[in-house]
Structures are given as structure tokens and as C-alpha cells.
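S.K.: One structure follows; several queries about it will come next.
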Amino acid sequence: MVQILQDGWKLFLEGGAIMYMLGGVACILYATAFAALAYVNQGNLNDKEAARWEEYIENPELADGRLGEALTYVLHGPRLTIKTVSRRFDEIRIDLLSAIDRRLLVLNTLVAAAPLAGLLGTVMGMLAMFAGLSHGKGPAGMQKVAAGMQEALITTQTGLTIALPGLFIGLIIKSKRDRIQGALVRLESLILSARFKRESQP
């Protein structure tokens, strides 16, 4: 384990100054990714309890978590109308889905920034290679060429390695966000059909 850490630190140093930028991007990216993942996993506003939704609509106090909060807010008041229910669902969507979208925007920006930072390291490494070539074919020149090539390859690889897992986490968050949106649409439709169609019957 110690040897692995030593090799990793050596590789980090060989990547040049841009590796510090990549390290900062990685820390912010994964902190944002796991915070966003925890946010979408929090609560029960999804279709896992869809079989009990009709029961919860009749008795909102039985539901807990985000589902309970949403039903309590939507169904409170003595004189509910279709317009009121739709407006309250719109408010829930704006509040909840916009919060997820903001997190996804930050995450996707950082995912895009990681390979770009790696590309910057590639350019810096190539410049170091050209500087080495300008010193001729002696040992010092070849050493600079090798160091520049290492920097170019390591930073590119590091940028891609940082970005790919973040991309997959972003896709998972987007999928869960879409499930929450779908659950809200189904829940709204069920409330409108259960409450207002029944009341309109003679």
C-alpha cells in the first residue's frame, strides 16, 4: 500500500504543475457529485410506494418524507380547486427539480473542465518537449523531451480518468431526477382524478 502511494505521488509530480489544478477539480467534482447523489436519494418522492398513493391521498398524514410534505402542502385547505392543485405541484417542481438541475449544471461543468485541464497539461508538456529539442540531441535535451512527453501523457490520462466516473454519476442523478419528475406527474394526475372526478359525479 505504501509503495502504491509512493508511485502515485511520483506520477503526480511527473505530471507537472497542472496536476494541482486537476487535483482541485477532482475534489470539487466528486464532492459535488456525491452531494447531488445524496440529495436525489433523500426522501421517498418516487414511484416505489405507488401502490399506496391512493391511501396517502385520502390520508396525507400517513405519508412521510418528501411525499408526505408534498401531499400535505398540495391537499391542505378547505376549498381545493384543480387550478390550486396544479399551481402547488408547479411550485414543488420548481423548488425540487430546479435544485437538482443546479447541481447537475455544476457537475457537468466540472466534468467538462477536467479533460480541458488535462489538455492544457498536454500543451504544456509539448512545449517542454520542443524546448528540449531546441537543446539538441545531447543527454540534457533528451531528458527534457522525455519529461515533456511524460507531462503531456500523464495530464491527459488524469483529466479523462477524473471526468469519466463523474459523467456516469451525472447520468445516474439525471435518471433519478427524471423518476422524481415522473412521480410528480403521476401523483398530480391521480389527485385530480381521485378528488375532482369523484366530486363531479352526482
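The values are calculated or read from the model by the stated rules, or taken from the named source; none is laboratory data. Because the structure is predicted, anything quoted here is derived from the model rather than measured. Methodologically, a virtual Cβ is constructed for each residue, glycine included, from the backbone with ideal geometry; neighbour enumeration extends over all protein chains shown.
S.K.: Examine region 175-187 for a residue that is surrounded by fewer than 17 Cβ atoms within 10 Å (Cβ to Cβ) and small (Gly, Ala, Ser), and state whether such a residue exists.
M.R.: Yes, that holds for at least one residue.
S.K.: Gln143 passes all but one of (1) surrounded by fewer than 20 Cβ atoms within 10 Å (Cβ to Cβ); (2) within 30 Å of Ala194 (Cα to Cα); which number fails?
M.R.: Looking at each condition in turn, Gln143 falls short on (2).
S.K.: Could you list, in sequence order, the residues of region 94-140 that are within 30 Å of Lys176 (Cβ to Cβ), surrounded by 14 or more Cβ atoms within 10 Å (Cβ to Cβ) and not aliphatic (A, V, I, L, M)?
M.R.: Hits for region 94-140 are Arg103, Asn108, Pro115, Gly118.
S.K.: Further question on the same structure: List every residue pair whose Cβ atoms lie under 9 Å apart, where the two residues are 6 or more positions apart in sequence or sit on different chains, the first residue falls within region 74-93 and is farther than 15 Å from Gln181 by Cα, and the second residue, located anywhere, is loosely packed, with under 12 Cβ neighbours inside 10 Å.
M.R.: That search, which allows pairs on different chains as well, returns Thr84/Gly77.
S.K.: Give the residue that is surrounded by the fewest Cβ atoms within 10 Å (Cβ to Cβ), with candidates limited to residues of region 146-174 that are of a type in the set (Ser, Thr, Tyr) and in contact (Cβ under 8 Å) with a residue 12 or more places away in the chain. Walk me through it before giving the result.
M.R.: Applying the first criterion (of a type in the set (Ser, Thr, Tyr)) to region 146-174 yields 155-156, 158, 161.
Going one step further and asking which of them are in contact (Cβ under 8 Å) with a residue 12 or more places away in the chain, we end up with 155-156, 158.
On the way: Thr155: 28, Thr156: 19, Thr158: 24.
Per the criteria, the residue is Thr156.
S.K.: Would you check which residues across region 17-66 are surrounded by 15 or more Cβ atoms within 10 Å (Cβ to Cβ), over 29 Å from Ile162 (Cα atoms) and in contact (Cβ under 8 Å) with a residue 60 or more places away in the chain and list them?
M.R.: Answer for region 17-66, where residues must be surrounded by 15 or more Cβ atoms within 10 Å (Cβ to Cβ), over 29 Å from Ile162 (Cα atoms) and in contact (Cβ under 8 Å) with a residue 60 or more places away in the chain: Leu45, Asn46, Trp53, Ile57.
S.K.: Still on this structure, I have one more. Can you tell me which of Leu116, Leu104 is in contact with a Lys or Arg (Cβ under 9 Å, 6 or more places away or on another chain) and modelled with pLDDT of 90 or more? First the steps, then the outcome.
M.R.: On the way: Leu116 fails: in contact with a Lys or Arg (Cβ under 9 Å, 6 or more places away or on another chain).
Exactly one residue qualifies, and that residue is Leu104.
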